[in-house]
Amino acid sequence: MPHLDAAFNLARWLTGNATDAEDVVQDAYLRAFRYFDAFRGDNFRVWLLTIVRNSFLTWVQDNRSGRLVFDSAVTDFAGADTWPDPSPGPEAMLLEQVDRDTLATLVAHLPAEYREVLILREIEDLSYKEIAQVAGVPAGTVMSRLARARQALRTAWMQQSGEGKVRGGRKS
Amino acid sequence: MNHKTAMTLLPAGADGQLGPFRRFLLDRHIARCTSCRAEQEALHALSTVVRTSLPVHRAPPSLAARIGAALPREAPPEPVRTRLLWPQLGFGVGGALAGAALTLALMWTPAAPDRLATEAVANHVRSMLADHLTDVTTSDQHTVKPWLSARLDFSPVAKDFTASGYPLVGGRLDYIDGHQAAAIVYRRDRHIINLFVYPSNEADALPRMEQRDGFHIVRWRSGGLKYIAVSDVEAAQLQGFVTLVRQAAG
């Protein structure tokens, strides 16, 4: 089954659990099989991941009616100048100390559209153009969304490590 | 490049997604902006952390099997798109046939699969699995045809189409649709084509193509014989083959 791990990893991060991810991936492969004749691109993986995303949206509709999963209005129109000014120097070092479990928890708590672009960019190593194809948005939106996704992850990480220090202080 | 633009472009820069010109302008700004340099470092660090430390979930081994089991049953056979068939044919059997193929392609409509299609595919698969592809193995058409004719109460055409890219492999006796049938075996590259031929009282019918379990099936009736061609070659190649057979049968 080509690209099954990539499909499963994306579905797993989007649904948040393995059981639902399996259902989404199975649905995606059935769709891919059915519509394979419509595949015109040169990157089968990008095409397949697009179908995984669509299957995920269908799964959301079937299982969580009314819940808004991709909230583009909130995330895509705020300007880059509203970001906090990064403090130079120590942040990069701090980021490198993150452990796997903490990172997984932080990413899992990001909004779905942030998780999606992060996985496609950092794990699948897709270009902005390819991510745009999967997510069905312009490449410019991918750029700003990815930037905000990282910003949100950094903010969450800084908060988390700050809390950790406070707790550590209380213990000692 | 001003600082605000640079800050906006930094993530794309870190991702290697900027064109050379913007890359140059951004680098020029970063070189004298400590704030941007720190931001670039942080972005690289974040990217590295996510790439190295974020758990990547591998599909459980059972998932591939589960999808595989669901695939053939759940996915309906795809209709063959006639629009694309005849331009590809030029590669397969030569431009001379393209005109005839176009005429055929226009009439070539998808048919609903039925028991006969299932049986034809099953015979085709069995012929390859059971190592019983041919009873008489020769590319000599003057051997295959008499061999079949001697054992059946009709005389199928078994012409060699090596010149067109479909060499004759041999023939065997088979049983399909309640009839003793000639199974004439051809090769297209590494794919096998089984052509089943048996008598039929029904009226002549033009070729119809369908797809089942990854195989293409073309059947037609002509001159009191029923023809069923089965193979996993591409639709256009099987169509080219059928055109050759129909011309040879006259």
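The table that follows gives values for the structure above.
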item	result
Flag if residue B:238 is part of a helix (DSSP H, G or I), buried (at least 21 other Cβ atoms within 10 Å of the Cβ), at pLDDT 90 or above and on the phi < 0 side of the Ramachandran plot	yes
Helices (runs of 4 or more DSSP H) (entirely within the stretch B:42-144) containing at least 1 residues that are at pLDDT 70 or above, of a type outside the set (A, V, I, L, M, F, W, C) and outside the structural domain of residue B:169 (by TED's automatic domain parsing)	B:61-74
Residue B:19 more than 9 Å from chain A (Cβ to nearest Cβ), closer than 17 Å to residue A:122 by Cα and among the small types (Gly, Ala, Ser)	no
Some residue of the stretch A:100-122 being more than 11 Å from the chain's Cα centre (by Cα), exposed (fewer than 15 other Cβ atoms within 10 Å of the Cβ), at pLDDT 90 or above and not in a helix (DSSP H, G or I)	no
Long-range neighbours under 8 Å by Cβ, at least six apart or interchain, first residue over 21 Å from residue A:148 (Cβ atoms) and more than 9 Å from every other protein chain (Cβ to nearest Cβ) within the stretch B:27-47, second buried (at least 16 other Cβ atoms within 10 Å of the Cβ) and modelled with pLDDT under 90	B:28/B:1; B:29/B:1
Selection count, the stretch A:128-159, where residues are within 9 Å of chain B (Cβ to nearest Cβ) and surrounded by fewer than 18 Cβ atoms within 10 Å (Cβ to Cβ)	2
Residue list for the stretch B:150-171, restricted to those being touching a helix residue (DSSP H, G or I) at 6+ places or on another chain (Cβ under 7 Å), free of Cβ contacts under 8 Å to residues at least 60 places away in the same chain and either among the hydrophobic types (A, V, I, L, M, F, W, C) or assigned to a strand (DSSP E or B) (or both)	B:158, B:168, B:170, B:171
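The values are calculated or read from the model by the stated rules, or taken from the named source; none is laboratory data. All figures in this text were calculated on a predicted structure; none of them were measured in a lab. Counting neighbours? That spans all protein chains shown, and the Cβs are built from the backbone with ideal geometry, glycine included.
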